[in-house]
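The values are calculated or read from the model by the stated rules, or taken from the named source; none is laboratory data. None of these values were measured; they are calculated from a predicted model. In this analysis, Cβ positions are derived from the backbone assuming ideal geometry, glycine residues included, and neighbour counts consider all displayed protein chains. Ligands, DNA and RNA are stripped out before the accessible areas are found, and what is left, the full protein with its side chains, is counted by its heavy atoms. Shrake-Rupley method; radii C 1.70, N 1.55, O 1.52, S 1.80 Å.
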Amino acid sequence: MADEANSFRRRSFKVIDPDARLRDQDNLMAYVRNPDAHGNNQFRTIPKDAVVNIDQVRSVNRGVDGPLLFGHAVDANGNPIGWTSTRNFEGKFVNETLAEMPPEGTDKKGANAAWAGGKFLRQVTLVPIVGARLQLLYLALDTVTPYFELVRAAAAEGVTVGINSGFRTWREQKQLYDGYKRSLPGYNMAAEPGRSKHQNGIAFDIDVPGGAGNPCYDWLAINATRFGFLRTVNKEPWHWEYDPVQAQAAQAAGTFKLERVLI
Ligand SMILES: [Zn+2]
């Protein structure tokens, strides 16, 4: 399963942005400029349609907007080209994974602590992954391979699968719950910290705007149970769980949902 981490190292990327600017390696928020013959500073860019490899990724935190990701581009011979935003590449890095994050310490409310039903379960290794909206999200290592089996099968049929939430830390769940309790704008119903399926690593919020009729949703409705995924929450068409036993039972019953899921 470990080979699903650092996915970007095993493929090449095509530049699709016509203005793919290189960044200063010491300050990735700044562009590299070169003076032209007239002494004007020009941005240095990677030409559109160039195909590059990426040997390193760094993230720069921007506060509430989450991190921006930058990749270090090299040519086919490994010669350095420079740092640029991963948004400049075809696919924008959606579903690319970064280096595994093994548990650090034993804090039951720490970043790697998995919970279920209000009880601490264990410390899990996490794999950072780029979400459908280019957020940096996390998956529990055990679910990474099944998720990519589903992603690849969908891609083979022209369907893009991406996620908007995966594994959540205690802190993230607390923030979502507090926002929900205080009816803050942008916050949906959320479980109490320790009680969300997103905290034991089996829940995936898949980007399926509108639910039924959305090409990704319709593909999942037909195919997801084959990969061990099924819908488990009423009125949340985006919320799928990796639960091979329940998924198989649902498939045998000719459905892709738990019985309690009506809409
Ligand atoms: Zn969810």
- Message: What are the pairs with Cβ atoms under 6 angstrom where one residue, in region 192-204, is closer than 17 Å to residue 147 by Cα and the other, located anywhere, is of a type in the set (Val, Ile, Thr) and more than 10 Å from the ligand (Cβ to nearest atom)? Sequence gap at least six, or different chains.
- Response: 201/124; 201/143
- Task: Output the residues belonging to region 51-80 that are among the small types (Gly, Ala, Ser) and either surrounded by 17 or more Cβ atoms within 10 Å (Cβ to Cβ) or farther than 28 Å from residue 128 by Cβ (or both).
- Result: 71, 73
- Task: Considering only region 32-56, state which residues are assigned to a strand (DSSP E or B), within 10 Å of residue 84 (Cβ to Cβ) and either out of contact with any His (no Cβ under 8 Å at 6 or more places or on another chain) or free of Cβ contacts under 8 Å to residues at least 12 places away in the same chain (or both).
- Result: 45, 46, 52
- Among residues of region 218-245 being touching a strand residue (DSSP E or B) at 6+ places or on another chain (Cβ under 8 Å) and hydroxyl-bearing (Ser, Thr, Tyr), the residue nearest to the ligand (Cβ to nearest atom) is 232
- Look through region 81-98, keep the residues that are part of a strand (DSSP E or B) and of a type in the set (Gly, Ala, Ser), and return whichever of them is nearest to residue 71 (Cα to Cα). 85
- Going by the structure shown, is residue 66 under 24 Å from the mean Cα position of the chain (by Cα), at pLDDT below 95 and not assigned by TED's automatic domain parsing to the domain that holds residue 130? yes
- Task: Pull up region 232-263, narrow it to residues that are part of a strand (DSSP E or B) and under 19 Å from the mean Cα position of the chain (by Cα), then point me to the one that is surrounded by the fewest Cβ atoms within 10 Å (Cβ to Cβ).
- Result: 239
- Message: Please go through region 188-217 and give me each residue that is under 15 Å from residue 140 (Cα atoms) and either among the aromatic types (Phe, Trp, Tyr) or open to solvent by less than 80 Å² (accessible area, probe 1.4 Å) (or both), ordered by number.
- Response: 196, 198, 199, 200, 201, 202, 203, 204, 205
- Query: Does residue 203 qualify as being within 15 Å of the ligand (Cβ to nearest atom), among the aliphatic types (A, V, I, L, M) and assigned by TED's automatic domain parsing to the domain that holds residue 233?
  - Reply: yes
- Message: Taking the criterion of being open to solvent by less than 50 Å² (accessible area, probe 1.4 Å) and in a loop (DSSP other than H, G, I, E, B), would at least one residue in region 24-31 satisfy it?
- Response: no
- Query: When residues of region 182-200 are filtered for being on the phi > 0 side of the Ramachandran plot and within 16 Å of the ligand (Cβ to nearest atom), how many remain?
  - Reply: 2
- So residue 127 fits all but one of (1) in contact (Cβ under 8 Å) with a residue 60 or more places away in the chain; (2) assigned to a helix (DSSP H, G or I); what number is the exception? (2)
- Conditions (1) open to solvent by 80 Å² or more (accessible area, probe 1.4 Å); (2) within 16 Å of the ligand (Cβ to nearest atom); (3) free of Cβ contacts under 8 Å to residues at least 12 places away in the same chain -> residue 179 fails only (1)
- Boolean, residue 77 is assigned to a strand (DSSP E or B) and farther than 27 Å from residue 147 by Cβ: no
